[in-house]
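J.: First, the structure itself, so that you have it in front of you.
The values are calculated or read from the model by the stated rules, or taken from the named source; none is laboratory data. On a predicted model such as this, the values are computed, not experimentally measured, just so you know. Heads up, the Cβs are rebuilt from the backbone with ideal geometry, glycines too, and the neighbour counts pull from every protein chain shown.
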Amino acid sequence: MNYVAVIGSGIMAAGIAAGFISQSIPVVILGRSKEKADACLDKALSLAQKIGITGLYATQNLISIKAEQSVDILEDWSNWNECDWIIETVAENLALKQEIFQYLDERVPAHIPIGSNSSGFPISKIADGLKTAQRMMGAHYFMPAEVVPLVEVVMGEKTELAFAEQACLLYRKINKKPVLVKKDIPGFLANRIQHALMREALSLVQEGIATPEDIDDAVRYSFGFRYAAVGPMTQKEISGWDGMANAAKEIYPSLSNITTLPPKVVQLMSEGKTGMKSGEGFRKWTPAEIEKVSDSYSRRLKAAFDVLNIE
């Protein structure tokens, strides 16, 4: 296989690169400086080793070069025809992403698919007005990218299905679980479902019906527990849609339909209580607690990945 080019040198770039490195696929990392690209490559190698490297492993097939911001230095990598897949994962800055995609539009052979890991900007905006927009798509990962299997392949207004299917096939080959999102809508697929859950959860906290801790337990030890085995659609195929339909008649009218954040969350944000990174969210966090929970989270994700044994 030819190279996968990762444009960016942050945490997501390292995790994305690690997924390909773990399958012994040649990777080129393009960063704002040679130092940043080198550091990203080192991190990617470390992550790949943690999740396990399959097949022959050749470090000479890994390259890190200066390339991004300003995009003029993308000229440092001119062998675009040696790439099978290009994914951009720079900062969430629409103008920068558009500049990079315009450069790629003009210089990368038109048969090579190009993706963006943007979680906020639709690919239709990033690729707006570009002559090869048909081969451009969203390729949205979830942190930590080297462990979480899902990749959302999102079709823009002009994306051709053949290119999206080509990206999905590549991700299946490296044991990721791609889902094809056929319309470029806000939040794509997984985040829409996640935010629907969070809207109800936060509303329950706002109304004093449950604590954040009880909501965590309710999700983890009930339907969340089942969803580790099968998704919500299959779970209802198992239990029966008639039971769900009867419950929905009672529950749906009372579900939250707010369109802005609940006041309690707004207050937390105004006070700088953004969670672990600030030392406090709905509760206070000591450094020791942060380390313990973070380590446990990583171990559980890795264990879940091993158990799922994605095919």
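J.: Which condition from (1) under 21 Å from GLN194 (Cβ atoms); (2) in contact with a Phe, Trp or Tyr (Cβ under 9 Å, 6 or more places away or on another chain) is the one that VAL266 breaks?
T.: (2)
J.: Could you list, in sequence order, the residues of the stretch 192-216 that are farther than 14 Å from ASN257 by Cβ and among the hydroxyl-bearing types (Ser, Thr, Tyr)?
T.: The one that is farther than 14 Å from ASN257 by Cβ and among the hydroxyl-bearing types (Ser, Thr, Tyr): THR211.
J.: Suppose we filter PRO262, PRO186 for residues that are modelled with pLDDT of 95 or more, of a type outside the set (Val, Ile, Thr) and either under 30 Å from SER118 (Cβ atoms) or outside the structural domain of VAL307 (by TED's automatic domain parsing) (or both); which single one remains?
T.: PRO262
J.: So, one more: Please note which helices (runs of 4 or more DSSP H) are completely contained in the stretch 167-262 and include at least 3 residues that are of a type in the set (A, V, I, L, M, F, W, C).
T.: It comes to 190-206, 212-220, 241-251.
J.: Out of the residues in the stretch 214-257 meeting the condition of being touching a residue at least 24 places away in the same chain (Cβ under 8 Å) and within 30 Å of LYS284 (Cβ to Cβ), tell me which one is surrounded by the most Cβ atoms within 10 Å (Cβ to Cβ).
T.: SER256
J.: With the requirement that a residue be of a type in the set (D, E, K, R) and closer than 26 Å to ALA14 by Cβ, what does the stretch 126-150 give you? Break it down into steps so the answer makes sense when it comes.
T.: To start, the set of residues in the stretch 126-150 that are of a type in the set (D, E, K, R) comprises 128, 131, 135, 146.
Those that are of a type in the set (D, E, K, R) and closer than 26 Å to ALA14 by Cβ: ARG135, GLU146.
J.: Another question about this same structure. How many of the residues in the stretch 270-285 are hydroxyl-bearing (Ser, Thr, Tyr) and farther than 19 Å from ILE215 by Cα? Steps first, please.
T.: Start the filter on the stretch 270-285 by keeping residues that are hydroxyl-bearing (Ser, Thr, Tyr), which leaves 270, 274, 278.
Cutting the leftovers down to farther than 19 Å from ILE215 by Cα gives us 270, 278.
Going through the stretch 270-285 one residue at a time, the tally reaches 2.
J.: A further question follows. Counting only residues that are surrounded by 14 or more Cβ atoms within 10 Å (Cβ to Cβ) and at pLDDT 95 or above, how many does the stretch 283-307 have?
T.: Counting residues in the stretch 283-307 that are surrounded by 14 or more Cβ atoms within 10 Å (Cβ to Cβ) and at pLDDT 95 or above gives 2.
J.: Which pairs have Cβ atoms under 6 Å, sit 6 or more apart or on different chains, and link a residue in the stretch 112-137 that is farther than 17 Å from VAL151 by Cβ to one that is acidic (Asp, Glu) and outside any helix (DSSP H, G or I)?
T.: What qualifies is SER124/GLU157; SER124/ASP184; GLN134/GLU160.
J.: With respect to GLU152, is the statement that it is outside any helix (DSSP H, G or I) and in contact with a strand residue (DSSP E or B) (Cβ under 9 Å, 6 or more places away or on another chain) true?
T.: Yes: the conditions hold for GLU152.
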